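Worksheet: one structure, shown below.
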Amino acid sequence: MNRQKLFISSFFYGLIFESIGTEISGFYLLPAMAATFLYIKLPFTLRAVNALLAFIFGFFLMMFLAFAQNGWEAPSLKFTSHIFIYVFLLLALLYIFSHAEKK
Amino acid sequence: MISLQNKVFFAALLAVLIFFSGSRAFVKNLIIKASFFLAPERESRQAGRESLTLLIKIRDLEKENLRLQKALGVNGKTRLIPANAVFGGGYLFSDILLINQGENAGIKIGDLVTYQNKVFIGRIAEVGADWSKAVLLGRSGDKITLRQDTPENIQSVPIEAVGLGGGEFQIEMPADTNLKIGDIFRSAENPEYIAGVVYKILFESGDQFKEISVVSPVSPVLLNEVDVISKNE
């Protein structure tokens, strides 16, 4: 699977949450695209390391957006878990797709 | 010689005899005619009794209807539309709830979504023909005015709460506020509905304010049925 396919997959993943979710526009799509970009561009040969770093970046980017949205109040534990699951699933999908390509 | 008096007497006797000899048929006839004459009246009286029974039944049904409407908290201005939750409210789609009723059922954008017409869950944000999307209370960044649930004669001050996502609000209240975990907050706009209960109070001595976390008393992920309160136009 080439890079474009990974980008398209993450774009649709973000778009689903963007259309069903209720947050400000770009809340889901922007971190998804940024994390995918990072995952593709990171130089580590071990893809799991790239995925982990992209996950951390995506998670903190979404947390930052959530803070900004709440008037710099910390989001609730449930919402933090939601962000964690969202980014984790994205990176898991990207990792599985790129692993399939490798095989 | 028959006197005039006797003549009159005999004539009267004859008349009486004639009358009574043919009177049975006459009286019978009279009764039948009278009954024919009175029959419509009897029918109308019967119909009147039936319609009266129907009117009493209608009155009883109207009373029952009013009683049920009162029990459900429905009045002429609003309409209660029951719906089933399709998905949402969990960890993956945290602040939304999709329901299986939409425009066809009369749901409009801005209608209230409640649980058993008692707990305020959210508002309708998008409507399709047979589906609607509700934005749950406590959405990240949302602001809502709440009032503490107090006895009826005491009016509490409205407080602005900020949604932290996942059905949680945060309120800042003066340090001397007497609040405990489990206290109820109602929506200031719709005080008949419970918006949340206090579940965490953060306060350190010397602070001027208490940070109070309020959460919805029902978990949206466990909801199967919701009631949409739609305003009649």
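The values are calculated or read from the model by the stated rules, or taken from the named source; none is laboratory data. Every value quoted in this text rests on a predicted model; they were computed, and no experiment measured them. Cβ: placed from backbone, ideal geometry, glycine included. Neighbour counts: every protein chain shown.
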Practice task
Determine whether residue A:15 is aliphatic (A, V, I, L, M), exposed (fewer than 13 other Cβ atoms within 10 Å of the Cβ) and without any contact (Cβ under 8 Å) to a residue 40 or more places away in the chain.
Solution key: no
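Here is a yes/no grid of residues against (1) surrounded by fewer than 18 Cβ atoms within 10 Å (Cβ to Cβ); (2) in the same structural domain as residue B:99 (by TED's automatic domain parsing); (3) touching a helix residue (DSSP H, G or I) at 6+ places or on another chain (Cβ under 8 Å):
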{"site": "B:129", "(1), (2), (3)": "yes, yes, yes"}
{"site": "B:174", "(1), (2), (3)": "yes, no, no"}
{"site": "B:177", "(1), (2), (3)": "yes, no, no"}
{"site": "B:194", "(1), (2), (3)": "no, no, no"}
{"site": "B:199", "(1), (2), (3)": "yes, no, no"}
Handout entry: strands (runs of 3 or more DSSP E) (entirely within region B:113-219) containing at least 1 residues that are over 23 Å from residue A:19 (Cα atoms) and among the charged types (D, E, K, R)
Key = B:143-148, B:159-165, B:168-174, B:184-187, B:194-202, B:209-215
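Does residue B:219 satisfy the criteria of being surrounded by fewer than 18 Cβ atoms within 10 Å (Cβ to Cβ) and under 27 Å from the mean Cα position of the chain (by Cα)? Steps first, please.
Details: surrounded by fewer than 18 Cβ atoms within 10 Å (Cβ to Cβ): yes; under 27 Å from the mean Cα position of the chain (by Cα): yes.
Yes, satisfied.
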Problem - Some residue of region B:128-136 being more than 14 Å from every other protein chain (Cβ to nearest Cβ) and not acidic (Asp, Glu) - result: yes
Exercise for the section: Kindly indicate whether any position in region A:67-88 is within 23 Å of residue A:53 (Cβ to Cβ), more than 10 Å from every other protein chain (Cβ to nearest Cβ), among the hydroxyl-bearing types (Ser, Thr, Tyr) and surrounded by 14 or more Cβ atoms within 10 Å (Cβ to Cβ). Expected result: no
Completion exercise
Taking region B:81-127 and the residues there that are aromatic (Phe, Trp, Tyr) and within 11 Å of another protein chain (Cβ to nearest Cβ), the one that is nearest to the chain's Cα centre (by Cα) would be B:87
